Amino acid sequence: MGGRDVMLVMFGRPDNARGDGFFFTMLDAFAYLAATQGLDKKPLEYSAGDKFSLSYLLTVYSENKTPEFIRHRCEQWEKKRR
């Protein structure tokens, strides 16, 4: 942002289909961050009327954060969702 490095962190909910999801990044050509449910390995099957939802939180920080900080932030988000 504004020519400065930033730290992006994407959190997935453990109760999403197949858990947190599978994350991947791409840095060549442009920066890309994505989460999938591993549909390339095994499709998700639903019947008519079934409900489907996924929840993710994307945070942006102007400096690097410690793993402990990130873990705490994720725990805060999960508590709010209960």
On the accessible surface of the chain, probed at 1.4 Å, how many percent belong to carbon and sulfur atoms? 54
Compute a Gaussian network model of the chain, connecting alpha carbons closer than 10 Å, and tell me which residue from Asp50, Asp40, Asp15 fluctuates the most. Asp50
Between helix 67-81 and the chain, what is the angle of the helix's C-alpha long axis to the longest principal axis, kept within 0 to 90° and rounded to the nearest 10? 40
Averaging over all projection directions, find the projected area of the Cα convex hull of the chain and quote it in nm² with one decimal place. 7.6
Lys and Arg at +1, Asp and Glu at -1: add these up for the other residues within a Cβ distance under 14 Å of Asp5 and post the number. +1
Computed ³J(HN,Hα) along the range 7-12: with the Karplus parameters 6.51/-1.76/1.60, θ = phi - 60°, integer Hz and x for glycine or proline, the list is 10, 9, 10, 10, 10, x
Extended-chain gain in nm, criterion 0.36 nm per residue less alpha-carbon gap, Thr36 and Leu58: 6.5 nm
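So how do 24-30, 7-13 stack up, highest first, on mean other-Cβ count within 10 Å?
Highest to lowest by the protection proxy: 7-13, 24-30.
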Students often forget the sequence filter, so: which lysines lie under 27 Å Cα-Cα from Lys42 once same-chain residues fewer than 8 apart are removed? Lys51
Could you give the accessible area per residue of the chain, probe 1.4 Å, as a whole number in Å²? 81
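The values are calculated or read from the model by the stated rules, or taken from the named source; none is laboratory data. Quick caveat, the model's predicted, so the values are computed rather than measured. Methodologically, a virtual Cβ is constructed for each residue, glycine included, from the backbone with ideal geometry; neighbour enumeration extends over all protein chains shown. Accessible surface areas use protein heavy atoms only, side chains included; no ligands, DNA or RNA. Shrake-Rupley method; radii C 1.70, N 1.55, O 1.52, S 1.80 Å.
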